[in-house]
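Trainee: I have a structure here, written as structure tokens, and I will follow up with some questions on it.
The values are calculated or read from the model by the stated rules, or taken from the named source; none is laboratory data. Bear in mind that the values here come from a model prediction, so they are computed numbers and not experimental data. In this analysis, Cβ positions are derived from the backbone assuming ideal geometry, glycine residues included, and neighbour counts consider all displayed protein chains.
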Amino acid sequence: MDVKNVDVLIIGAGPAGSVAAGIVNKSGLNILVVEKEKFPRFVIGESLLPRCMEALEEAELLDAVKEKGFQEKFGAKFVRGEEFCDFNFTEQFTEGYNWTWQVPRGDFDNTLAQEIIRKGVSVEFETTVTDIKFEGSNSTTTVTDKTGKTYQIKAKFIIDSSGYGRVIPRLFNLDKPSNLPPRKSMFAHINDPNRSKYIEPNRILVLVHQPKTWIWIIPFSTGVSSLGFVASPEFFDEHKDKSTDEQLRFLINSEPHLKERFGDQDFVFEPKILEGWSVTTEQFFGEGFVLTGNVTEFLDPMFSSGVTLATASSQKAANLVVRKLKGEEIDWQEEFVNPTMKGVDVFRTYVMGWYDGDLHDIFFSKDINPDFKKQICSVLAGYVWDTTNPFVRKHERAVKSLAEVIRINNRK
């Protein structure tokens, strides 16, 4: 059996894997990236957050993305009936990037992967990991490529950025359920030729359909928008006798804004369903490996945290791997897991606050303190590690307290 020897094996060529590869590559270490899918391929997570720009910049991937002409994104707008709340990233509390992009992920992810290839990193697509064995921090990974050929990769360290594939957690039985309730999404790309009549295309639009059911509309620069419903699985059961296409058409026509804007527009592809996405793992690292991105924990599409957590965790992990392979002792719990989980926990508070109604009361209040709104805006921009922000430092208490104060004032 053929054997390849590398310093670092990266599993997955999505944003997490590409950021890790870009950073490790700058150190001069020998890298190999293996990716199960053929790129470009479809995946959700199309509305980025400004914080991920910092990871792309450090990985030297930012310029390649800028050249693609993706739709620039400057904020997020939330709508409930006739009420709305508009967050503009230029008005956030935290210093940093105040814009990002809305991207068809197939094109975006392929742009990142092709850029790391251009920088000299080997990426082997349509290659599946079937086994990993560790001897201390050294590993032997068995893979099978698209021709059916099997070979091994010997590495000094593995960065698992395999996303929903969850390679190491599944091989070593590390998966465990999230504490978030199960949810389901039905979505598609749809032609959107008259978008400027309804909303500026430079932001994501979130519509409240029912208290715990919401809709995303993400305009792309191509004249197509991503549209999806997110709800409990039971919400979709009412029309389970219909095809997926018929179900999504029915839901579009049940919401006045969507019916007017999209009722007679064509889907770009057959609508898709995603469910059971909230999952976490028993451990984020071990001797010879670290997990990054959605392999660690994926929360929910609300607030678009996925790519930000993926790229930020890979940014952190890649730098630690470089230090380790240069001979430093790394405290993975203190330097990787704890800070990563701080960001996850902040996003979790906001996801749960959305579904329990606290954030509805805050967002649609007519009397929200402008300083509080700026601090919340920074969270929505992905700056969930800025502990100078009270809505990060004491995130759960801050959200609950503000929502209660608003409810009390509304009763007066």
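Trainee: Looking at (1) among the acidic types (Asp, Glu); (2) on the phi < 0 side of the Ramachandran plot; (3) surrounded by fewer than 21 Cβ atoms within 10 Å (Cβ to Cβ); (4) in contact (Cβ under 8 Å) with a residue 24 or more places away in the chain, find the lone condition where residue 109 falls short.
Mentor: Exception for residue 109: condition (3).
Trainee: When residues of the range 225-250 are filtered for being surrounded by fewer than 21 Cβ atoms within 10 Å (Cβ to Cβ) and part of a strand (DSSP E or B), how many remain?
Mentor: Qualifying residue count, the range 225-250: 1.
Trainee: While we're here: If only one of 28, 22, 75, 12 is among the small types (Gly, Ala, Ser) and more than 23 Å from residue 124 (Cβ to Cβ), which one is it?
Mentor: 75
Trainee: State yes or no: is residue 195 at pLDDT 95 or above and of a type in the set (Lys, Arg)?
Mentor: Spelling it out, it is not the case that residue 195 is at pLDDT 95 or above and of a type in the set (Lys, Arg).
Trainee: If you go through the range 266-286 one residue at a time, do you hit one that is in contact with a Leu (Cβ under 8 Å, 6 or more places away or on another chain), part of a helix (DSSP H, G or I) and in the same structural domain as residue 189 (by TED's automatic domain parsing)?
Mentor: There is no residue in the range 266-286 that is in contact with a Leu (Cβ under 8 Å, 6 or more places away or on another chain), part of a helix (DSSP H, G or I) and in the same structural domain as residue 189 (by TED's automatic domain parsing).
Trainee: Note down all Cβ pairs under 9 Å where the first residue falls in the range 328-347 and is touching a residue at least 12 places away in the same chain (Cβ under 8 Å) and under 13 Å from residue 392 (Cα atoms), the second is of a type in the set (Phe, Trp, Tyr) and in a helix (DSSP H, G or I), and they're at least six residues apart or on different chains.
Mentor: Every condition considered, the pairs that remain are 346/391; 347/303.
Trainee: Then there is this: Identify, from the list 86, 109, the residue that is out of contact with any helix residue (DSSP H, G or I) (no Cβ under 7 Å at 6 or more places or on another chain) and not β-branched (Val, Ile, Thr).
Mentor: Exactly one residue qualifies, and that residue is 86.
Trainee: Here's another thing I want to ask about it. Give me the residue from the range 362-405 that is touching an Asp or Glu at 6+ places or on another chain (Cβ under 6 Å) and surrounded by fewer than 19 Cβ atoms within 10 Å (Cβ to Cβ) and, out of that set, nearest to residue 100 (Cα to Cα).
Mentor: Looking at residues that are touching an Asp or Glu at 6+ places or on another chain (Cβ under 6 Å) and surrounded by fewer than 19 Cβ atoms within 10 Å (Cβ to Cβ), I get 374.
Trainee: Moving on to the next point. Here are some conditions: (1) crowded, with 21+ Cβ neighbours inside 10 Å; (2) free of Cβ contacts under 8 Å to residues at least 60 places away in the same chain; (3) over 18 Å from the mean Cα position of the chain (by Cα). Residue 116 meets all but one. Which one does it not meet?
Mentor: (2)
Trainee: Considering only the range 26-52, state which residues are among the aliphatic types (A, V, I, L, M), in contact with a strand residue (DSSP E or B) (Cβ under 8 Å, 6 or more places away or on another chain) and surrounded by fewer than 22 Cβ atoms within 10 Å (Cβ to Cβ).
Mentor: 29, 44 - these are the residues of the range 26-52 that are among the aliphatic types (A, V, I, L, M), in contact with a strand residue (DSSP E or B) (Cβ under 8 Å, 6 or more places away or on another chain) and surrounded by fewer than 22 Cβ atoms within 10 Å (Cβ to Cβ).
Trainee: Report, ordered by the first and then the second residue, all pairs with beta carbons closer than 7 Å, sequence separation of six or more or different chains, a first member in the range 355-378 that is closer than 19 Å to residue 89 by Cα, and a second member that is of a type in the set (Asp, Glu) and surrounded by fewer than 20 Cβ atoms within 10 Å (Cβ to Cβ).
Mentor: 364/83; 374/91; 377/91
Trainee: Now for a different question. More than 13 Å from residue 33 (Cα to Cα), modelled with pLDDT under 95 and part of a strand (DSSP E or B): is that true of residue 133 in this structure?
Mentor: Here the answer is no, as residue 133 does not meet what is asked.
Trainee: Give the range 392-412 a look and list any residue that's at pLDDT below 95 and not in a helix (DSSP H, G or I), or say none.
Mentor: 412
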